[in-house]
1. Counting every Cα pair in the chain, what percent are over 22 Å apart?
2. If ligands, DNA and RNA are left out, what is the accessible area of residue 78 with a 1.4 Å probe, given in Å² to the nearest 10?
3. Just by accessible area at a 1.4 angstrom probe, what is the order of 45, 40 from largest to smallest?
4. Taking R0 as 45 Å, what's the FRET efficiency between residue 156 and residue 115 from their Cβ-Cβ distance, rounded to 0.05?
5. Label points 7 Å out from Cα along the Cβ direction at residue 5 and residue 90: separation in nm?
6. Out of residues 5 or more away from residue 90 or on other chains, whose amide H comes under 5 Å of its own, with H placed 1.01 Å from N in the peptide plane?
7. So what's the convex hull volume per residue for the Cα atoms of the stretch 155-194, in Å³?
8. Please report the net charge: other residues with Cβ closer than 15 Å to the Cβ of residue 8, K and R +1, D and E -1.
Amino acid sequence: MDFLRIIYNGIVRENPTFVLLLGMCPTLGTTGSAVTGMSMGVATMGVLICSNMSVSAIKSVVPSAVRIPVYIVVIATFVSVLQMLMAAYLPSLNATLGIFIPLIVVNCILLGRAEAFASRNSVLRSCADGIGIGLGFTLALTLLGAVRELLGTGRVFGLEVYPEQFGSLAFVLAPGAFIVLGLLIALFNCIRKS
């Protein structure tokens, strides 16, 4: 049950986008559509799970004076592997996400979870934290991308809901990201508190 509670915390109580307000660069930059938002979330979740488990496994052998640089190297290793795999097997998605994939290394969600959770817990609990926070981030980016895509183009996951001429380009551009994010944060907090 502890495993499921940790996952629930990552999705609802400690949602990195709607509650902690972390990782705003990829949140705003990659959510022009539901597919790109979901892809960025899944990529981040994969790195988060692997880095959390690795940090938890090596925490007892890493001197406290160099723990942050070591955590960054661990995260960077998994990001490099992810980027090579995406370039080899998903080149169009790799091109779409572009610079945001290497920027996972400096995403404060990953380093924050490594420092605050993985370095103080077992490998299994760190895996659960990675899954929970990763799912929370993925769901938030997918929802944000879906709402922006729907309002901007009349489509969701490429499926037409209404004709594109009735959409508003502002929601696909940067201002729309801020507007929709603000509204979703307010909605999430209202639902969470009721």
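1. The share of Cα pairs beyond 22 Å in the chain comes to 48 percent.
2. 60 Å²
3. 45, 40
4. It comes to 0.80.
5. 3.3 nm
6. Close amide H contacts, sequence-distant or interchain: none at all.
7. In the stretch 155-194, the Cα hull volume divided by residue count equals 91 Å³.
8. That works out to +1.
The values are calculated or read from the model by the stated rules, or taken from the named source; none is laboratory data. Model, not experiment: these values are computed from the prediction. Here Cβ is always computed from backbone atoms with ideal geometry, including for glycine, and neighbour counts include all displayed protein chains. Just the protein is used for accessible areas: all its heavy atoms, side chains included, with ligands, DNA and RNA removed. Shrake-Rupley method; radii C 1.70, N 1.55, O 1.52, S 1.80 Å.
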